[in-house]
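In what follows, a single structure is set out as structure tokens and then discussed.
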Amino acid sequence: MGHRTDDQTALETTPLHALHLSLGARMVPFAGYDMPVQYPAGVLKEHLHTRTAAGLFDVSHMGQVMVRAKSGAYADAALALETLVPVDILGLKEGRQRYGFFTDDNGGILDDLMITNRGDHLFVVVNAARKDADLAHMKAHLVDCDVELLEDRALIALQGPRAEDVLAALWPDVVDMKFMDVCDALLHDAPCIVSRSGYSGEDGFEISVPASQAEQVARALLEDLHCQPIGLGARDSLRLEAGLCLYGNDIDTTTSPIEASLEWAIQRARKAGGEREGGFPGASRILGELANGTSRRRVGLKPEGKAPVRAHAKLFADAEGRTELGEVTSGTFGPTVEGPVAMGYLPTSHAGAGTQVFAEVRGKFLPMMVSALPFITATYKR
Amino acid sequence: MLKFTAEHEWLKLEGDIATVGITAHAAEQLGDLVFVELPEVGSQLAREAGAATVESVKAASDVYCPLDGEITEINQAIVDDPSLVNSDPQGAGWFFKLKLKNPSDADTLLDEAAYKELIA
């Protein structure tokens, strides 16, 4: 049999690397880091455990960045970052976070990110594979801000319906947090930044912790038997069932936010007629698409059979492969859905839920149905 | 007689019929299987031709035909329940039976000791 895997290069490690090895993880290269793809339980059980109890993920490879205006004023940092993202950052309340994306002059997506108002500065989390580019981008354009990559912090995600219970054992005040709240917390004496957010479709948290105390905090969370370590394999199937984009697969510089069905992340203040209309790279295209629509859209795709349809499978209007429509951008088996799930781009004419299309897989044309996203019911604590 | 390939298939040889599956090592490396596609009974396959496809949550992998021959039987049970390949890879998780074109070709495959050395 033949494996289809990536090459190995010189890899970085996270502050939880020794913990992964001691837990028996299988490590793989991911975005330049040696990361756990799964633990002995395996991807299926890890996925289901996260949906029914709580999962702990090491996401320390992601970039944690402080953006602070030289004036010291939050508004100056917010207005500066608004020149790079089509998101209302000035209107973000202290201790609240929003999803956003860096756009380029063509209206494509350079990366997606989480943005937090930390009172006198912004805290930004970007993708691992994009962090060098994002840092350079911010440093080049936010000239009146200090932009600092926090290299001495780990990031731990705790996801699932028991995540609140697990974290409350270390920090009882967590119960007061709502979805997208961000707080300071002392976990086992480690000064942490806790956000109620994640990438699984479940309630949960992302915890920024000093690197030197990361393993201690992770081990304390794992003492609760409801909390199990979860690898990148299950992280991918969880986010896909939740309909969340993976940068580099589902979105990139060739996709606009409107094509990617991410218009919900652009607040009124930045749209036509808003107080700070436009003023971000690619605004003319993006505002034009908001007004007039796009020729293609990112949609959920549910294969009708049992075979997973993976990224780059071509999509056709017919079962003979005559009329090509687009491509699958992410696809796998969804353990909670108990069947294959996928996302991809289709012409607007074929993007309505319930439309049947056909994916080419190993020379066959497999029927798929355009489906509403997410594939599961998200359980965020609003 | 049990034989192995460097691509992690096993063959149980009885006369000119080989029962073929993937090794416990391969099943463990792949992780939980969620989909299996088997060849059609009657198909003539050459050595190293793609015979079956297995998919885990993570990825698709090919299972090759270990020797020239004709598929005489397939194990529908692993199509209905791919987890059988993980739970009993060298028993109930067999893939297909192959009528060998040249039974003596099996001599070119690895024996158990050589395979164990390969994966050590």
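None of the figures in this text is laboratory data; all of them are computed from the coordinates on show. No experiment lies behind these values; they were computed from the predicted model shown. Because the Cβ atoms are built from the backbone with ideal geometry, glycine has one as well, and the counts that use them run over all protein chains shown.
Loop-located chymotrypsin sites (Phe, Trp or Tyr not before Pro) in the stretch A:36-127 (DSSP state not H, G, I, E or B) with no more than 15 neighbouring Cβ atoms inside 10 Å do not occur.
Backbone N atoms of the stretch A:172-195 closer than 18 Å to the 7 Å Cα→Cβ label point of A:His226 belong to residues A:172-179. If R0 equals 22 Å, the separation of the Cβ atoms of B:Ser87 and A:Glu338 corresponds to a calculated FRET efficiency of about 0.75. Take each residue of peptide A:358-368, count the partner chain Cβ atoms within 10 Å of its Cβ, and average: the result is 1.
The modelled label-to-label distance for the pair A:Lys314/A:Thr253, using points 7 Å beyond Cα in the direction of Cβ, is 2.6 nm.
Per-residue ellipticity at 222 nm, computed for the protein assembly as shown from helices alone with -39500 (n - 2.57) per DSSP H run of at least four residues, works out to -5500 deg cm²/dmol.
Other protein chain C-beta atoms within 10 Å of residue C-beta, averaged over B:32-41: 4. How many percent of all Cα-Cα pairs in chain A sit more than 32 Å apart? Value for chain A (Cα pairs over 32 Å): 34 percent. Could you pull out the GluC sites (Glu not before Pro) across the stretch B:22-80 that fall in loop regions by DSSP (anything but H, G, I, E, B) with no more than 11 other Cβ atoms inside 10 Å? Here the GluC sites (Glu not before Pro) that fit, given the DSSP loop and packing criteria, are B:Glu40. Take each residue in A:328-339, count the other chain C-beta atoms within 10 Å of its C-beta, and the mean is 2.
Length gained on full extension, A:Ala10 to A:Thr379, computed as 0.36 nm times the residue gap minus the Cα-Cα distance: 129.0 nm. What spacing in nm lies between the two simple spin-label points modelled at B:Gln44 and A:Glu94, each 7 Å away from Cα in the Cβ direction? With each label placed 7 Å out from Cα toward Cβ, I get 8.0 nm.
Of the peptides A:107-116, B:79-88, the ranking by mean beta-carbon count within 10 Å, highest at the top, reads A:107-116, B:79-88. The alpha-carbon positions of the stretch A:230-382 define a convex hull whose volume is 133 Å³ per residue. Once the Cβ-Cβ distance of B:Lys101 and A:Met369 is raised to the sixth power relative to R0 = 41 Å, the FRET efficiency obtained is 0.45.
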